[in-house]
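Step one of this worksheet: look at the structure below.
The values are calculated or read from the model by the stated rules, or taken from the named source; none is laboratory data. This one's a predicted model, so the numbers in the text were calculated from it and none came from an experiment. Cβ coordinates were reconstructed from backbone atoms using ideal geometry, including for glycine residues, and neighbour counts include every protein chain displayed.
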């Protein structure tokens, strides 16, 4: 089933917000990749190039930016799903479960798989 309402009315599809969504989602994907790689390769303190204050400051900055990005993407994708995503019932329930249970990881996946496709499809439309 296709969308029953025009998706162009939702605030998340505003063209001015699209670079922010892309940037936040890329930041989250990189953080996820680094977290997975750190667990796979069992990085220890001896293997990390930054030490002391440099590690503390860079870790704090990455954490602040990633947390803000996670909240932005999670809230926006949940809002878009709730108000505008009218796909088949089973698929819609799957995406809701992924966004709610997967938190920022689920929202990032939803952004790249569903939201970007919709945004590109109606990209020529004005908000």
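Taking only pairs six or more apart or across chains, which ones have beta-carbon atoms under 8 Å, a first residue in the range 51-80 that is at pLDDT 85 or above, and a second residue that is part of a loop (DSSP other than H, G, I, E, B)?
Listed pairs, sorted by first residue: 79/10; 80/10.
For residue 24, only one of the following conditions fails: (1) within 12 Å of the chain's Cα centre (by Cα); (2) modelled with pLDDT under 75. What is its number?
Answer for residue 24: the failing condition is (2).
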